[in-house]
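Okay, structure first, notes after.
The values are calculated or read from the model by the stated rules, or taken from the named source; none is laboratory data. Given the structure is predicted, the values throughout are model-derived calculations rather than measurements. Cβ sites come from the backbone with ideal geometry, for glycine too, and all protein chains shown count toward neighbours.
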Amino acid sequence: MSFDTSTLYLFATMVAGMLGAMLMYFGRQENIPALKWWGTAYLLGAASVALCTVGGAALGASILLALNAVGFAACGLVWNASRVFHGRKPNVPGLMLGPVAWIGAVAILQDTAMRLTFGAAIVAIYAALTAAELWNERRRAMQKRWPAIVVPVVHGCVLMLPILVGDLLRAHDENFATSFWVTLFSVELVLYAIGTVFVIFMMVSDRAVAVHKTAASIDPLSGMLNRRGFTEACMRVIEREANAGRPVTVMIFDIDHFKSINDRFGHPAGDEVLKLFSTVVVSNLRISDLSGRIGGEEFAALLPCSLEEGVLVAERVREAFESSGIVCEEGAVDTTVSIGVAGGPAGTELEVLLASADTALYQAKRSGRNRVEAAEELPLSLENWRRKTAGLPAAARHKPATVH
């Protein structure tokens, strides 16, 4: 079966043009700059290939050279779109290098096959840069997005293979432009255009899901993890520390007399106190520690350390918050906090630690507030309740160790 190369090229450009218009539309609707870059690349590439295919030699050598340069610029735009998608600045010199290199190659190389080889190399390099950009920015979610890297790599390989093989085997063949290799290349263009848009929308969808998931885990007032986000993050840290045989410590903070602060100074002042305390907590914890606002004026933190180290950190937070001070028009605002601290051996469940730290917190409040209390032991009642709900005999589980 024979294919008309011009028809295939026109079909490829028609598909690319429609996909480019769709990317531009969604980029404007959703205000996603990367989609606008991708859309522009598709439209420019489609326009340059279509004009070259329809006009042919009638356009003149200089116009064809300019249209080819625009096509290579479109390849550079695809690469820059991947940079913009991951929050990096566009590489304008790199974008212009391909078209400039092509113009220079046309001036130096007289052999058509060599020009095709050089042009294919430029496109393949841009495809490799696109894949490298996505690889360097890979995150946990990228494990599910392997096509984002594979598609441009395969495109570069498929692009170079027919041109290189055709150059080596048919360097002096006058029918090279209508050979099997060029036909295969035009078919690959269609598949690449469709596959790339599929990958683009897959990445955008994955990004949107990640943004919503992050928003669902963050407290908007303090910027810290909310209860759900804190719990999920703590479970991962506890599992990691348990595998290493290291203990963890949990502390619960409760701002003293917070209701009276709202009543005396108003809720805006109360919000400022919450923001101040969240800043104090984050400033006095290590980057490996976790913290979050678990409700109202209650905050919590998990530290991969012993109970003794945790108590020292809690005292540091208490002193820093007490000495911060907020002054309103109505007068000074008391900034004190009561803290309960509980620690356990490797593998102690989060709910057990939280329950124990909560008991220590109420002890701190009963003892006069503005103090740190360490839990004397882990709660057995919670463990017994877990055994009962799991339908397992009490002997099937080990009793948690006592913390002194």
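Odds and ends about this structure:
- Any strands (runs of 3 or more DSSP E) falling wholly within segment 303-364 and containing at least 2 residues that are touching a residue at least 60 places away in the same chain (Cβ under 8 Å) and assigned by TED's automatic domain parsing to the domain that holds Ser291: 337-344
Residue by residue, here is whether (1) within 17 Å of Thr348 (Cα to Cα); (2) in contact with a strand residue (DSSP E or B) (Cβ under 8 Å, 6 or more places away or on another chain); (3) not hydroxyl-bearing (Ser, Thr, Tyr) holds:
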{"site": "Arg246", "(1), (2), (3)": "yes, no, yes"}
{"site": "Phe253", "(1), (2), (3)": "no, yes, yes"}
{"site": "Asn262", "(1), (2), (3)": "no, no, yes"}
{"site": "Ala269", "(1), (2), (3)": "no, yes, yes"}
{"site": "Phe277", "(1), (2), (3)": "no, yes, yes"}
{"site": "Leu307", "(1), (2), (3)": "yes, yes, yes"}
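- Looking across Val204, Val237, one residue alone is in contact with a strand residue (DSSP E or B) (Cβ under 8 Å, 6 or more places away or on another chain), among the β-branched types (Val, Ile, Thr) and either under 30 Å from Glu349 (Cα atoms) or at pLDDT 65 or above (or both). It is Val237.
- Residue list for segment 86-100, filter: in contact with a Phe, Trp or Tyr (Cβ under 8 Å, 6 or more places away or on another chain) and either at pLDDT below 90 or of a type in the set (Gly, Ala, Ser) (or both): Gly94, Gly98
- Filter result (of a type in the set (Asp, Glu) and part of a loop (DSSP other than H, G, I, E, B)) within segment 226-285: Asp256
- Hey, Glu383 under 41 Å from the mean Cα position of the chain (by Cα), outside any strand (DSSP E or B) and at pLDDT 55 or above or not: no
- Lone qualifier among Ala346, Ala244, Ala357 - being farther than 18 Å from Val372 by Cβ and out of contact with any helix residue (DSSP H, G or I) (no Cβ under 7 Å at 6 or more places or on another chain): Ala244
- Filter result for Ser291 (polar (S, T, N, Q) and assigned to a helix (DSSP H, G or I)): no
- Breaking point among (1) under 40 Å from the mean Cα position of the chain (by Cα); (2) at negative phi; (3) modelled with pLDDT under 90, for Ala355: (3)
- Search result, residues across segment 76-124 that are aliphatic (A, V, I, L, M) and either touching a Pro at 6+ places or on another chain (Cβ under 7 Å) or outside the structural domain of Val197 (by TED's automatic domain parsing) (or both): Val84
- Test set (1) under 28 Å from the mean Cα position of the chain (by Cα); (2) part of a helix (DSSP H, G or I); (3) touching a residue at least 12 places away in the same chain (Cβ under 8 Å) - Phe299 fails condition number: (2)
- Scanning segment 28-38 finds one or more residues that are in contact with a Pro (Cβ under 8 Å, 6 or more places away or on another chain), modelled with pLDDT of 85 or more and in a helix (DSSP H, G or I).
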